[in-house]
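Q: Dumping the structure here so I can ask a few things about it.
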Amino acid sequence: MTSLFPALRGATADRPALRFGDRSLTYAQLAAATGALAARLARYDRVAVWATPELETAVAVVAALEAGVAAVPLNPKSGEKELGHILQDSAPGLLLTAPGTELPSAVAALERIDIDIDVQGTGGPSPASPARDGDPALVVYTSGTTGPPKGAVIPRRAVATTLDALADAWQWTSEDVLVHGLPLFHVHGLVLGILGPLRRGGSVRHLGRFSTDGVARELNDGATMLFGVPTMYHRIAETLSGEPELVKSLAGARLLVSGSAALPVHDHERIAAATGRRVVERYGMTETLMNTSVRADGEPRAGTVGVPLPGVELRLVEEDGSPITSYDGETVGEIQVRGPNLFTEYLNRPDATAAAFTADGWFRTGDMAVRDGDGYVRIVGRKATDLIKSGGYKIGAGEIENALLEHPGVREAAVTGEPDPDLGERIVAWVVPADPQSPPSLEDLADHVARRLAPHKRPRVVHHLAALPRNDMGKIMKRALHD
Ligand code: MCA
Ligand code: AMP
């Protein structure tokens, strides 16, 4: 198949492609660096990428895609248990990392390539790889309600079609300069935020880590688009009143896009009132890439995620699976989607893959929504109460409960999410201590979860209980906990 990145071979050689802090690459430099690396990757099926927010991560993933090899992005803050699971499950042939990175022991046994971004000469792009549309491009790990994260196998076709559909919806061109500070081990920051601009032949400036100052600086210095999760827009909304430079920067942007979780209407309205700009929401999922968006030329109605993207079939279904045919803005159903944007399977999990699809190929998202008469989708909730969205990260309650139960001070544990103005939801741990006289502290439990899983999965609140409320079957009644 043709390259996912025509601009590596086009007439754009001297144009900027990537900038991270004060380090940057033009398209010619990116072609040389990825061409040299791709030549070393061709014999592997899958390679892991230590996905720090650095230039090397972008070079590694593009090189893998150029070589026709699947990339497995790893959260560099993953704890030992999470990392051990992902490595064992995905069995990468080697690990790509920035030079000098200190790696934890869980990955020490893997063969490692330190990426050289400063490839001199006219190495140029790699020759066209023999990869086909349906071949895997990425394996991205995503949490479910129970058990360890599952590896969603995302084909090249899905990456290409989702990015081209977004280009149509957002009038996204090679003239656009994107700014963001998203992590590079999830779809939002990596596929939309890095591969997106490169597929268009445009450029991206990554902030290293999100800050409102960084956003203001880049938008006032030529960047045209901003991507962020609602927590980032919340922090922007909180900061606007005292920061005229931030107001000016947002007012001048071409497009402000939010996704990964619901953007509260209050934050949407505060940004609109201060800047005159309305944030555009889009809705996606690791397994489906992008499904809907408010269009750049459409009406950005607060609280909706817009209309299905070109090529995406979307329907709402009742509990019994029958499709809802009248769009009245009130009837709630589960969103199901079908189209070239979908993942192929969960790696090594045929059971989970089969459960995720209907017999005729619709993917069950688990998101509950209504649809207005003109087709706009409004997400109203989730089917599973055991999935928590915190800071735009999806976190499974079961995974954290299992980690808590491995703490010697914990006899029983339940995990829920509760509303949080900054994070959307925050993780709450309900714990029956092994010794009621000396229950484990929040700090202790947070460290324990952060070390085993990842810092964003740590509980932010802990309640100690004498017993967990259970029904006759012994199942924990989570709704009773908050009462
Ligand atoms: C705190 N930290 C700790 C501990 N406590 N580290 C170890 N042990 C501890 N006990 C560290 C954290 O790692 C972090 O470090 C820092 O202290 C602050 O922690 P935290 O409060 O969690 O971070 P934050 O600054 O509040 O983060 C907010 C955020 C972040 C920046 C909005 O949540 C974020 O980047 N969210 C993006 C999620 C995302 O991209 N989701 C896409 C998936 P440090 O600051 O150094 O990290 S969804 C998706 O892809 C689909 C397709 C879609 O639709 O988009
Ligand atoms: P993930 O599995 O981490 O890719 O997260 C996907 C989930 O994020 C979806 O199933 C939705 O629940 C949620 N999500 C993504 N975008 C939006 C949005 N714009 N509004 C509400 N929820 C969203």
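Q: Over all alpha-carbon pairs in region 103-188, figure out the percentage whose distance exceeds 23 Å. Numbers along the way, then the final one.
A: Working: 1939 of 3655 pairs.
It works out to 53 percent of all Cα pairs.
Q: Starting from the 7 Å offset along Cα-to-Cβ, what nm value, one decimal, do you get for the label separation of Ala272 and Ala466?
A: 5.1 nm
Q: Over the chain, what is the relative contact order in percent, taking alpha-carbon pairs closer than 8 angstrom and at least six residues apart?
A: Working: 1097 pairs, mean separation 60.1, N = 483.
The normalised contact order for the chain reaches 12 percent.
Q: So what's the net charge close to Ala28: Lys and Arg +1, Asp and Glu -1, counting the other residues with Cβ under 12 Å from its Cβ?
A: Neighbourhood net charge equals +1.
Q: While we're on this one: Using only alpha carbon pairs under 8 Å that are at least six residues apart, calculate the relative contact order of region 242-317 and give it in whole percent.
A: With pairs under 8 Å counted, the relative contact order is 24 percent.
Q: Sort 315-322, 50-57 by packing, meaning the average of other beta carbons within 10 Å per residue, with the highest value first.
A: Packing proxy ranking, top to bottom: 50-57, 315-322.
Q: So what's the gap between the Cα centers of region 467-481 and region 334-362, to the nearest angstrom?
A: Measuring centre to centre over Cα atoms gives 31 Å.
Q: Once you put a point 7 Å from the Cα of Asp328 and another 7 Å from the Cα of Arg451, both along the Cβ direction, what distance in nm separates them?
A: 5.6 nm
Q: How big, on average over all directions, is the shadow cast by the Cα convex hull of region 201-314, in nm²?
A: With every direction weighted equally, the projected area is 7.5 nm².
Q: Using a 1.4 Å probe on the protein heavy atoms, what percent of the accessible area of the chain belongs to carbon and sulfur? It would help to have the intermediate numbers written out before the result.
A: Details: 9800 of 19410 Å².
Of all accessible area on the chain, carbon and sulfur atoms account for 50 percent.
Q: With a Förster radius of 25 Å, plug the Cβ-Cβ distance of Ser211 and Ala384 into 1/(1 + (r/R0)^6) and report the FRET value to the nearest 0.05.
A: 0.15
Q: Using θ = phi - 60° and the Karplus form 6.51 cos²θ - 1.76 cosθ + 1.60, what ³J(HN,Hα) does each residue of region 453-462 get, whole Hz, x for Gly and Pro?
A: Per residue, the Karplus-derived 3J(HN,Hα) values read 10, 6, x, 6, 8, 6, x, 9, 9, 10 Hz.
Q: Subtracting the Cα-Cα distance from 0.36 nm times the residue separation, let me have the gained length for Met368 to Thr145 in nm, one decimal.
A: In short, 78.7 nm is gained.
Q: Pop out the Kirkwood hydrodynamic radius of the chain from its pairwise C-alpha distances, inverse of mean 1/r, in Å to one decimal. Numbers along the way, then the final one.
A: Details: mean 1/r = 0.0430 Å⁻¹.
Evaluated on the chain, it is 23.2 Å.
Q: Figure the gain on full extension for Gln437 and Gln171 (residue separation times 0.36 nm, minus the Cα-Cα span) and round it to one decimal in nm.
A: 89.6 nm
Q: Another question about this same structure. With every atom except the alpha carbons ignored, what do you get for Rg and Dmax of region 1-58, in angstroms?
A: Radius of gyration, then largest Cα-Cα span, for region 1-58: 12.4, 34 Å.
Q: Charges only on Cβ, +1 for Lys and Arg, -1 for Asp and Glu: so what's the dipole of the chain about the Cα centre, in debye to the nearest 20?
A: About 500 debye.
Q: Provide the packing ranking of 218-225, 244-251, i.e. peptides ordered by the mean count of other C-beta atoms within 10 Å per residue, highest first.
A: 218-225, 244-251
Q: Round to the nearest 0.05 the FRET efficiency obtained for Ala296 and Lys475 when R0 = 60 Å and r is the Cβ-Cβ distance.
A: About 0.80, to the nearest 0.05.
Q: Could you run the Debye sum over the Cα atoms of region 343-386, one equal point scatterer each and no solvent, and tell me log10 of I(q)/I(0) at q = 0.19, 0.26, 0.34 Å⁻¹, two decimals?
A: For region 343-386, the Cα-only Debye profile gives -0.75, -0.96, -1.10.
Q: Still on this model: Would you mind working out the accessible area per residue for region 87-216, using a 1.4 Å probe, and quoting it in Å²?
A: It amounts to 36 Å² per residue over region 87-216.
Q: Let me ask you something else. For labels at Lys248 and Leu103 in the simple 7 Å Cα→Cβ model, what's the distance in nm?
A: Using points 7 Å along Cα→Cβ, the separation is 4.6 nm.
Q: Give the dimensionless ratio obtained when the Cα radius of gyration of region 282-394 is divided by 2.2 N^0.38 Å.
A: 1.05
Q: Nearest 20 debye, what's the magnitude of the dipole of region 1-132 about its Cα centre given +1 on Lys and Arg Cβ and -1 on Asp and Glu Cβ?
A: I would put it at about 380 debye.
Q: Excluding ligands and nucleic acids, what accessible area in Å² is computed for Ile395 using a 1.4 Å probe, to the nearest 10?
A: Roll a 1.4 Å probe over it and Ile395 shows about 0 Å².
Q: Could I ask something else about it? Taking the Cβ of Pro104 as the center, what net charge do the other residues with Cβ under 14 Å away carry, scoring Lys and Arg +1 and Asp and Glu -1?
A: On the way: positive: Lys77, Lys81, Arg112, Arg451, Arg452; negative: Glu80, Glu82, Glu102.
In short, +2.
Q: Could you compute the FRET efficiency for Thr2 and Thr344, with r as their C-beta to C-beta distance and R0 at 22 Å, rounded to 0.05?
A: 0.65
Q: Restricting things to alpha carbons, find the Rg to Rh ratio for region 1-148 using the Kirkwood radius for Rh.
A: 0.98
Q: About the Cα centre of region 136-251, what is the dipole size in debye to 20, counting +1 per Lys and Arg Cβ and -1 per Asp and Glu Cβ, all else neutral? Display every interim value, and only then the final one.
A: On the way: 10 positive and 10 negative charges, 105 e Å.
Once rounded to the nearest 20, the dipole reads 500 debye.
Q: Pairs of alpha-carbon atoms within less than 8 angstrom and 6+ residues apart define the contacts here; what relative contact order does region 1-136 have, in percent?
A: Here the relative contact order equals 32 percent.
Q: What is the Cα coordinate range of region 163-216 on the first, second and third principal axes, sorted by size from largest, in whole angstrom?
A: 29, 23, 17
Q: How much mean residue ellipticity at 222 nm does the chain get from its helices, if each DSSP H run of length 4 or more adds -39500 (n - 2.57) and you divide by all residues, to the nearest 500 deg cm²/dmol? Could you put the intermediate results ahead of the total?
A: Values: 14 runs with 133 residues, N = 483.
Taken over the chain, the calculation gives -8000 deg cm²/dmol.
Q: Turning to a different aspect of this structure: Using the heavy atoms of the protein chains and a 1.4 angstrom probe, tell me the accessible area per residue for region 327-483 in square angstrom.
A: Each residue of region 327-483 exposes 47 Å² on average to a 1.4 Å probe.
The values are calculated or read from the model by the stated rules, or taken from the named source; none is laboratory data. Computed from a prediction, not measured in an experiment: that's the story for all the values here. Reconstructed Cβ throughout: ideal geometry from the backbone, glycine too, with neighbour counts over all protein chains shown. Just the protein is used for accessible areas: all its heavy atoms, side chains included, with ligands, DNA and RNA removed. Shrake-Rupley method; radii C 1.70, N 1.55, O 1.52, S 1.80 Å.
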